[in-house]
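Comments concern the structure below.
A short reminder: the numbers here are calculations on the coordinates, not readings from a lab. Just so it is clear, the structure is predicted and the values come from calculations on it, not from any experiment. When we count neighbours, we look across all protein chains shown, and the Cβ atoms used for this are built from the backbone with ideal geometry, even at glycine.
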Amino acid sequence: MSAEEKSTSRQWRGVIREYADRLDVTDATPIVTLGEGGTPLIPAPALSARTGAKVYVKYEGMNPTASFKDRGMTMAISKAAEHGAKAVICASTGNTSASAAAYAAYAGLTSVVLVPDGNIAMGKLSQAVAHNAEILQVKGNFDDCLDIARDLADNYPVHLVNSVNPDRIAGQKTAAFEVVEALGDAPDFHIVPVGNAGNYTAYFRGYSEDLAVGNSTKLPRMFGFQAAGSAPIVRGEVVRNPDTIASAIRIGNPASWALALDAHKTSDGYFGAISDTLILEAHRLLSTEVGIFVEPASAISVAGLLERSAAGAIPAGATVVLTVTGHGLKDPQWALRRADGSTVAPTVVPVDTAEIAAVLGLQKVPA
Ligand code: AN7
């Protein structure tokens, strides 16, 4: 190995600097970055064995605030700063608010977040609190929060950083660039969870741009999954009272709906709905057999893969990338619940090797 190969001095510089030539930034853009992107693409032999496909997991929980939102937020906050904004606002099911609060803190901006009352995971709420966001719990759902955030941004001096802001989608498309670099081409299928459908749209855009410049030879078929109780795109109508344990994607009127339908059509894509029971089964499978801990919304990518594979829609040997969007520590309670709803509690033991060995069912190795 050469000295250069051995060197560890090359540090990932965040998605804006890594992809400056492919994003709308100039020397005048103050780059607000926490080093997001560059996340691992992890081969998942357990999922490959179950499906006959070559399955990889893009682990977006490895971003600075532990979700994929950081890719778009570095762009949105950098552009907000460039435009002289003093305050940013977003509606959020949790992860966007955590990310907005962190990047705003770095940039010295005030952040305001609107979250649905009582419906965001504790890890995410604690991040927004830690980064000193002004947090308002709106007595309504996410869709109500987004309507109000847009209204405020239209009429008051606050800059909107939800994914209806195109800078967000632009930043998020970099995840597709990373996949193409890692695999040497686009995969045959790409599977993502769908809430507002911003990420679905962003991957499609990234893959389309890679194809256009010759970095890849194909577009992946874009497969997106919504929770069954919160599946407006699958049903073809707004869901007024969306309901799912996957609180991140409890969204009844997706902001990027029209863009996602275009991506779906052009990529010969698919939208499907998955029950909460199957989401939690996939959550457990990913933790126990692949070693990747995610929040429930992210596990829907795994459930979607298994559902499509069982339906015969994934040919043997196809390359499939699953994006898992948020870290399991965001919403850890789900790991501690059994399928019957009871809580897992560790076995309590005395300070005694022999007794612990007995509890573990271990036989002493003969001397
Ligand atoms: C873990 O934070 O909408 O389809 O306000 O947190 O691009 O909306 C979060 C969405 C998937 C869905 N997985 O992505 C918010 C928010 C996780 C998420 C999605 C979200 P989009």
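If you wrap the stretch 1-99 in the convex hull of its Cα atoms and look at it from every side, the mean projected area works out to 9.8 nm². Around the amide H of Tyr270, modelled in the peptide plane, lie the amide H atoms of Met222, Phe223, Gly224, all under 5 Å away and 5 or more residues distant in sequence or on another chain.
What the Cα convex hull of the chain gives, in volume per residue, is 196 Å³. Here is the list for the stretch 15-118: trypsin sites (Lys or Arg not before Pro) lying in DSSP coil, each with at most 12 other C-beta atoms within 10 angstrom of its C-beta, are Lys86. As a rough footprinting exposure proxy, the listed residues His283, His83, His190, His131 were ranked by other beta carbons within 10 Å of their own, and the order from fewest upward is His83, His131, His283, His190. Averaging 1/r over every pair of different alpha carbons in the stretch 229-367 and inverting the result gives a Kirkwood radius of 17.9 Å. Helix content alone sets the calculated 222 nm mean residue ellipticity of the chain: runs of n ≥ 4 DSSP H residues at -39500 (n - 2.57) each, divided across all residues, give -11500 deg cm²/dmol.
In what order do Val161, Val348, Val57, Val294 fall by count of nearby beta-carbon atoms within 10 Å, going from fewest to most?
By the 10 Å Cβ count, ascending: Val348, Val57, Val294, Val161.
Sorting Val180, Val164 from the fewest to the most surrounding beta carbons within 10 angstrom yields Val164, Val180. Calculated FRET efficiency, Ala311 and Asp147, Cβ-Cβ r, R0 45 Å, to nearest 0.05? E(calc), rounded to 0.05, equals 0.80. Cα centroids of the stretch 268-343 and the stretch 10-76: how far apart, whole angstrom? Rounded to whole Å, the Cα centres lie 20 Å apart. Shape analysis of the stretch 97-181 yields a ratio of the Cα radius of gyration to the Kirkwood radius, Rg/Rh, of 1.00.
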